[in-house]
Amino acid sequence: MAQPPPTERVLIVDDDPVMRDVLSRFLRRASFEVMEVGSVVAALDELMAAARNNAPYDHAVVDLVLKDGDGEDVVRACESLSPRPNIVVLSGNIDSRRALDLSGRCLYLPKPIGSKTLLEALRRRRDPIHDFVEEHGLTSRERDAVVVAASGLFNEEAADALGVTKEGLRKRWRQICAKTGCTTQQRVLAKIIRDLSDEPPKGSSGLYRRISSPPGPPSEGHLARASGEPVRSDKG
């Protein structure tokens, strides 16, 4: 008789107890084994203990903004492990330079996150931008332009973030459009956006929440619905 597949283990790192509760309830219902921690220190301790006990985590869902430090410290700790867990970074606010640094290292998903999006990120270990770059043969410089646009920066701000002139950035986007068969930058982003949210955001020109937008608590229709009860968060 065939044995059922082993349960995959997920470490949730978020200092908001409401968010941790919503995430853990949803993932447990999806048959994941879940451990929750609320700080960088607790996350590092848990990762090391799991490694010593030969019970590594398959996934780490990490909030970048934690009260006792930077969630990227947890990302780096995950990267040092073998086997390396699938890393999903959550944040309501991220600047373009950090987005570029994290690109290729982990999957970044904006808050509030759709339940379907998170589940696909864990089950399929997919990074939509990486998949798009590979599919269309984009160069690393072209990938960086896509990442910056996905972070909500355009024109002069995007050129400054990439350290190029506006004309240099326009040249990159002409090359991206030619390779992808799209006529505009917005159409390129639209090709990727369905993989990042359950429903396309109305009135949004980029993949991610703009970095100038203040983060907010989970909303109805996103992970809040997974718990079957209203979700309120004190964390910004």
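Some observations on this one:
- Highest-first arrangement of 84-94, 23-33, where packing means the average Cβ count within 10 Å: 84-94, 23-33
- Mean shadow area of region 31-71, taken as a quarter of the surface of its Cα convex hull (nm²): 3.0
- Cross-link table K67/K111; K111/K191; K111/K166, entries beyond 23 Å C-alpha to C-alpha: K111/K166
- At 0.890 mPa s and 25 °C, Stokes D of region 2-61 from Kirkwood alpha-carbon radius, µm² per second: 204
- Under Karplus coefficients 6.51, -1.76 and 1.60, residue-wise ³J(HN,Hα) of region 12-22 in Hz, glycine/proline x: 9, 10, 7, 8, 8, x, 5, 5, 4, 5, 5
- Candidates per trypsin sites (Lys or Arg not before Pro) in region 110-177, loop by DSSP, up to 16 other Cβ within 10 Å: R125, R126
- Working ranking of peptides 8-17, 66-75 by packing, defined as the average number of other Cβ atoms within 10 Å per residue, highest first, is 8-17, 66-75.
- Taking amide H as placed 1.01 Å from N in the peptide plane, the amide H of N86 sits under 5 Å from that of H59, A60, each at least 5 places away or on another chain.
- Region 1-150 pair-distance distribution - Cα-Cα, 10 Å bins, rounded %: 10, 41, 35, 13, 1, 0
- Rg and Dmax of region 75-146, based on Cα coordinates, read 12.7, 32 Å.
- Calculated SAXS-style log₁₀ I(q)/I(0) at q = 0.20, 0.28, 0.29 Å⁻¹ - region 128-194, Debye, Cα scatterers: -0.72, -1.44, -1.52
- Multiplying the residue separation of E156 and Q175 by 0.36 nm and removing their Cα-Cα distance gives an extension gain of 5.0 nm.
- Judged by the mean number of other Cβ atoms found within 10 Å, the most tightly packed of the peptides 107-113, 42-48, 149-155 leads the ranking 107-113, 149-155, 42-48.
Just so you know, all these numbers are worked out from the coordinates, no wet-lab data involved. Keep in mind the model is a prediction, meaning the values are calculated, not measured. So basically every Cβ, Gly included, is an ideal-geometry build from the backbone, and we count neighbours across all protein chains shown.
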